[in-house]
Protein chains: 2
Amino acid sequence: MSVTYPNGFRASGITAGFKLSGRPDLALLVADDGSTAAGVFTTNTFAAAPVRLCRERLGDGRARAVVVNSGQANAGTGSDGDDDAHVTSAAVARALGAPDEEVLPCSTGVIGARIPVRTMTAAIPKLVEGLSAAGGNAFAEAIMTTDTVPKMAHAESGPYRVGGCAKGVGMIRPDLATMLTFLTTDAPVASAHLRKLTASVLEPAFESLTVDGCSSTNDTVLLLASGAAGSDPVRPDSPEWEDLHAAVEEVAQSLLSQLAADAEGVHHVLEVSVTGASTDEDARTVARAIAESLLVKTAAFGGDPNPGRFLQAIGSSGVPFVPEDVRGGLGDVVVIDKGAIPPTWDKQAAQEVMKEPRIPVSVELGSGTGRARMLGSDLSYEYVRINAEYTT
Amino acid sequence: MSVTYPNGFRASGITAGFKLSGRPDLALLVADDGSTAAGVFTTNTFAAAPVRLCRERLGDGRARAVVVNSGQANAGTGSDGDDDAHVTSAAVARALGAPDEEVLPCSTGVIGARIPVRTMTAAIPKLVEGLSAAGGNAFAEAIMTTDTVPKMAHAESGPYRVGGCAKGVGMIRPDLATMLTFLTTDAPVASAHLRKLTASVLEPAFESLTVDGCSSTNDTVLLLASGAAGSDPVRPDSPEWEDLHAAVEEVAQSLLSQLAADAEGVHHVLEVSVTGASTDEDARTVARAIAESLLVKTAAFGGDPNPGRFLQAIGSSGVPFVPEDVRGGLGDVVVIDKGAIPPTWDKQAAQEVMKEPRIPVSVELGSGTGRARMLGSDLSYEYVRINAEYTT
């Protein structure tokens, strides 16, 4: 029930030999009759070679295939990396009988490591042979790196289906996209309208997740529409548009929740909601200041309902507000009132909230109607262990 | 050899009973014949009551005394906190026969906790009685919270002395000042010129340290000049100005190094130097992106010379540069060249650099002449333990 849930897509995932572990590491998604396509990408200035190539190839809004290798990020690899992305995606195009420009390459893994081109080329026949309309799960598994589980979701919208999968457990922050996420639909949508859907649903959705505040060189979200389920295009003025919008949003939110729940070393997910900011952007800044604060993240890990740390994080955001107007809560427990920590705040009730797998944090700034929501993770010993021992 | 190294100052530090541990927790610095004074403070919107009072009282540029309690931050305490700061500093003023406006209060400890006024008032006679020209060390010890060692420094500048001390191991970031730092000199400097010295030396110095990216509600740096060592004022056009400038800088830099070396759970200090940015501000942004990156901090803890994480952090800074012009080094080892990780980078030599207590990281952006330096700390299991278990 992943990217092949909608009609018009086949997928496969195999072990090509990129990973020392021997786990699946090469994935292919194909729209046999072609698809429209749109994407959002990392804002990191050192965007990986495949990201740059994808951006370029999405210029015409069409795609036949997406090929993903896991193990090497092909980032920080200079012009050699560009060559590798071209050569390997051209080999996939040839095997599919598709134009080079319609193959979108993605890579995830160690930054600075090049794609082993020969390993890739040798694996392509098996990869293409494995393509099937039930291949979504294999695809979702082959794109994983340190993920502990594959992340998959699907939804329906009238006659249309939406499917998706994602990978990513660290180096995730809301500067756009979260590692690799792929969504598909069999609704017929022109590429210009697919871009609109991406901008209005996927960009804000993937900006509301932060694990470690680190923006990857490879973050990519792609949305492909095969059109296999209908002939009349769904447009912003179609009656079906809102439903399709909702279905894409549902799949995206499900994938985001799964990503947050599988964040490196996570014990608790922080669900931060900020209201009453002057603008939505200000609200997002405050939400992010809280979700990325090391002191909030360690407090969440320690189960310590520490209002001072929330207060500190809100105040350090740089967003203008009147301190005396600020109210903050942990679940239903008021821990900041009129900009101060009430002497009688209910520590015991707050401690219970901190035990939840998902800790709801709310802040009302009292300045306007701007609002934002952000998912974050706590900071645990395991996070440190994973990242002190693993070469990203 | 702390704040009482210069003439014209006496200090004391005692156990008043603010801390459960029974360690010294109340400190007093007095300039018997008065002093000029200037300060820099946290930019946190939830600035603590004592910070707000200090700012107000420094309006006339004069101070007779600084009183510091450790254990309660008196932040997030609303108007009650303002009252407490007024009442306790007034009690100190009365005991010294000084005007209220010339007593500068500082607090550090748990946010949301009020100063126990009665405990404070009861301790003042002993505090004043303990004042001595050799009291700098006792002062430096009484302002500590989770610091493992007191931080003290001194320097000379011709006939003038400069002394200082600092505290702070977490919730430190370069949005101004680093927890509490006090500098004194016996040079005669008019308050307007003392402000100039503060802006040109202390502000940039204390903006170049980050431990956890968390800007405290209480960060304060104060500089007091007793004038006890001379009668002719030192002015920006005096021949002694440059030397005095250098001595203040020397003391500040020494305190910064000591703060970084005592950061919570620190194993390695990151010494990040960025050159070739379009502006100094851009350079600072990149330096901070590196020093605050969780992936860089955990790599530093793990001793892993991971060029990909440095590349990622530089690229995520949002600062404009041409990727192909970027060069990066760990000590003398080139780990980024022409914007890519050289296939032959010397991993073994880089691993040796990562073992240093102070890891030198250099980045040349190739865009201009902007430069910045930033001290940061690694992220260890101890950091997580300290902050998951301690109520700040």
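Nearest 0.05, what FRET efficiency do A:Glu382 and A:Arg23 give at R0 = 22 Å with Cβ-Cβ as r?
0.65
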Quick note, segment A:282-325: a/c under 1.5 would make it rounded; otherwise a/b > b/c is prolate and the rest oblate (a ≥ b ≥ c, C-alpha gyration tensor); here it is oblate
Per DSSP helix of 4 or more residues, -39500 (n - 2.57); summed, then divided by the residues of chain A. What does that give at 222 nm, rounded to the nearest 500?
-9500 deg cm²/dmol
Backbone HN-Hα couplings from phi across segment B:222-232 [Karplus 6.51/-1.76/1.60, Hz, Gly and Pro as x]
10, 10, 10, 10, 7, x, 5, 9, x, 9, 7
Quarter of the surface of the C-alpha convex hull for segment A:9-261, i.e. direction-averaged projected area in nm², equals 11.6 nm²
Per-copy distances of the B:Glu129 label point, shortest first, in nm (7 angstrom along Cα→Cβ)
9.3
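Note the full-extension length gain between A:Glu56 and A:Asp82 as 0.36 nm times their separation in residues minus their Cα-Cα distance, in nm to one decimal.
My answer for the length gained is 8.1 nm.
Under 20 °C and 1.002 mPa s, how fast does the protein assembly as shown diffuse according to Stokes-Einstein, given a Kirkwood radius computed over C-alpha pairs? Answer in µm²/s, whole number.
Reported coefficient: 77 µm²/s.
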Every other copy gets compared here: list the nm distances from the B:Asp280 label point (7 Å along Cα to Cβ) to its counterparts, shortest first, one decimal.
3.9
I'd like to know which of A:Ala134, A:Ala192, A:Leu259 lies farthest towards the positive end of the charge dipole of segment A:121-268, counting +1 on Cβ of Lys and Arg and -1 on Cβ of Asp and Glu.
A:Ala134
Over 21 Å between C-alpha atoms is what I'm after, so list which of B:Lys297/B:Lys355; A:Lys297/B:Lys167; A:Lys167/A:Lys196; A:Lys297/B:Lys297; B:Lys19/B:Lys126; B:Lys126/B:Lys151 land there.
A:Lys297/B:Lys167; A:Lys167/A:Lys196; B:Lys126/B:Lys151
Net charge of Cβ neighbours under 15 Å - reference A:Asp80; Lys, Arg +1; Asp, Glu -1
-1
Quick calc, chain B, dipole around Cα centre from Cβ unit charges on Lys, Arg (+) and Asp, Glu (-), nearest 20 debye, gives 700 debye
What ranking, highest mean first, results for peptides B:266-277, B:307-318, A:88-99 when packing means the other Cβ atoms within 10 Å averaged over each residue?
B:307-318, B:266-277, A:88-99
Taking placed amide H atoms and a strict 5 Å upper bound, the residues 5 or more places from A:Gly135 or on another chain that come that close are A:Ala11
Per-residue Cβ counts within 10 Å, from other chains only, averaged over A:342-354: what number is that?
1
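Given a cut-off of 13 Å, what percent of all Cα-Cα pairs of segment B:34-84 lie beyond it?
Looking at segment B:34-84, the distances longer than 13 Å represent 61 percent of pairs.
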Cβ neighbours within 10 Å from other chains - mean over A:375-383:
2
DSSP H helices in chain A with Cα extent of 27 Å or more along the helix axis and mean Kyte-Doolittle hydropathy at least 0.0?
A:241-261
Taking amide hydrogens as modeled 1.01 Å from N in the peptide plane, which residues meet the under 5 Å criterion relative to B:Ile359, leaving out close sequence neighbours?
B:Val269, B:Leu270, B:Glu271
Put a label point 7 Å from Cα along the Cβ direction on A:Gly368, then list its distances to the equivalent points in the other copies in nm, shortest first.
2.9
In Å, descending, principal axis extents of the Cα set of segment B:216-373
64, 36, 32
What is the distance in Å between the Cα centroid of segment B:324-358 and that of segment A:90-121?
28 Å
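Throughout, read-outs are computed from the coordinates displayed, never taken from laboratory work. Computed from a predicted structure; not experimentally measured. Ideal geometry is used to build each Cβ from the backbone, glycine not excepted, and the neighbour counts take in all protein chains shown.
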